Amino acid sequence: MSFFKTLAVAGAMAATLFSGAAYAEYPERNITMVVPFSAGGPTDTVARLVAESMSKDLGQQIIVENVGGAGGTLGAGRVASSDPDGYTVLLHHIGMATSATLYRKLAYDPLNAFDYVGLVTEVPMTIVARKDLEPTDLKGLIDYVKANKDTITVANAGIGAASHLCGMLFMSAIETPLVTVPYKGTGPAMTDLLGGQVDIMCDQTTNTTKQIQGGTIKAYAVTSPARLEIFPDIPTAVEGGLPGFEVGIWHGVYTPKGTPEAVNTKLSASLQKALKDPNVMARFAELGTAPSSEADATPAALKAKLEGEIARWKPIIDAAGTYAD
Ligand code: ASP
């Protein structure tokens, strides 16, 4: 080994040792967890449950900050450009993968602007409507929507959001484009659905369960491969007449690229503990979802998931041919 190479290797070892030592006490102050959608929505709900449990484990508060807008890309962009010091993390969902193709210009590269902490959960979606919409089943809804295609409105959380993706799949399955109404998250979209200002929405069970159970909105289908334990009477979209209509909304935790490995490892271990916290498990079950396994709540599993999902959705989005700038 040359003298200079030896020096370089020694320097790198010192840097590793130094950063390991510098982060031995991590975290030493509050951590911000950016949710790229409004407060009160499904991603927010998942984030707050996990953040509360991880805060106890890490001995520092994880404070959720909602940075909604542009289908989750504003919040993701904020984290991509934050200091990679372990004090800003992102909890995002499948939109991390779909926005890679949907947006012609993104301020960040979804695959290379982040480090990975782990997967959190995969949440089914529900096709729901304001409670006084006439149809009583999915078949009736499809006929009704086709007959009223110029006046029916579909709420979503912006291009790249899960609700946008699911709505897009619905419109393409029934070959009927509809008027969409974008929000900064489906928390506020739900408020308008409850108030009857919009007609239909496709959203995660983590946002719709309470309202479906309370009868304040109508549910036509779940997008999981099988019916959900919490809704035995709601058919799957496939049973209801939409072949192949299955969507699961996976969520993951990321840090900005360049975050010390010791930090990502510590966050990942804490996430794994949170996903076994009986309170988190019980709330997830009530909301129709389940925590990711320990093997999935790892940096490698999230990275593989994101890579696979970008590749899976690209041809589907390209075939639909709708992009955002
Ligand atoms: N459910 C939303 C979506 O459509 C986002 C949210 O508000 O959590 O992606």
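Amide H neighbours of ILE94 under 5 Å, at least 5 residues apart or on other chains, H built in the peptide plane: list them.
So ILE94 has HN proximity to TRP250.
From the phi of every residue in the stretch 311-325, what ³J(HN,Hα) in whole Hz does the Karplus formula 6.51 cos²θ - 1.76 cosθ + 1.60 yield, where θ is phi - 60° and glycine or proline is x?
Ordered by residue, 3J(HN,Hα) equals 5, 5, 7, 4, x, 5, 5, 4, 5, 5, x, 10, 10, 10, 9 Hz.
Can you give the local net charge around ARG104? Use residues other than it whose beta-carbon is closer than 15 angstrom to its beta-carbon, Lys and Arg +1, Asp and Glu -1.
My count for the surroundings of ARG104 gives -1.
What value, in deg cm²/dmol to 500, does the helix sum -39500 (n - 2.57) over DSSP H runs of n ≥ 4 give at 222 nm once divided by the residues of the chain?
Calculated at 222 nm, the ellipticity per residue is -13500 deg cm²/dmol.
Could you pull out every residue, at least 5 positions away or on a different chain, whose amide H is within less than 5 Å of the one on THR153? Hs are placed 1.01 Å off N in the peptide plane, and Pro or chain starts have none.
When sequence neighbours closer than 5 places are left aside, the close amide H contacts are ASP199, ILE200.
Where does each of GLU229, GLU261 land when they are ranked from fewest to most other beta-carbon atoms within 10 angstrom?
Listing GLU229, GLU261 from fewest to most nearby Cβ atoms yields GLU229, GLU261.
Only Cα pairs under 8 Å and at least 6 apart count here; give the relative contact order of the stretch 17-93 as a rounded whole percent.
Reported as a whole number, the value is 42 percent.
What is the percent of Cα-Cα separations in the stretch 172-325 that go past 28 Å?
Taking all Cα-Cα pairs of the stretch 172-325, the fraction more than 28 Å apart is 34 percent.
Compute the angle between helix 162-173 and the longest alpha-carbon principal axis of the chain, please, reported from 0 to 90 degrees and rounded to the nearest 10.
Compared with the principal axis, the helix lies near 40 degrees.
Taking a temperature of 4 °C and a viscosity of 1.567 mPa s, what whole-number D in µm²/s does Stokes-Einstein yield for the stretch 125-195 with Rh from Kirkwood over alpha carbon pairs?
104 µm²/s
Between the helical axis of 42-58 and the dominant principal axis of the chain, each derived from Cα atoms, what acute angle in degrees is found, rounded to the nearest 10?
The angle comes out at about 30 degrees.
Given the Cα-Cα distance of THR322 and ALA285 and 0.36 nm per residue of separation, how much length would full extension add, in nm?
Fully extending the segment from THR322 to ALA285 adds 9.8 nm.
Give me the one-decimal nm value for the distance between modelled label points at VAL181 and ARG104, 7 Å along each residue's Cα-to-Cβ direction.
The modelled label-to-label distance comes out at 2.8 nm.
Would you mind ranking TYR103, TYR323 so that the residue whose beta carbon has the fewest other beta carbons within 10 Å leads the list?
TYR323, TYR103
Nearest 10 degrees is fine. How inclined is helix 138-147 to the longest principal axis of the chain, computing both from alpha carbons?
It is inclined by approximately 70 degrees.
Could you compute the FRET efficiency for ASN148 and ALA24, with r as their C-beta to C-beta distance and R0 at 56 Å, rounded to 0.05?
Efficiency, from the Cβ-Cβ distance: 0.35.
As a test of understanding, state the convex hull volume per residue of the chain from its alpha carbons, in Å³.
Hull volume over Cα atoms, normalised by residue count, gives 134 Å³.
State, to one decimal in nm², a quarter of the convex hull surface area for the C-alpha atoms of the stretch 114-249, i.e. the direction-averaged projected area.
Seen from a random direction, the Cα hull of the stretch 114-249 projects 8.4 nm² on average.
Quick note: the coordinates plus some simple rules give every number you see, no bench work behind them. Since we're looking at a predicted model, the values are computed, not measured. In this analysis, Cβ positions are derived from the backbone assuming ideal geometry, glycine residues included, and neighbour counts consider all displayed protein chains.
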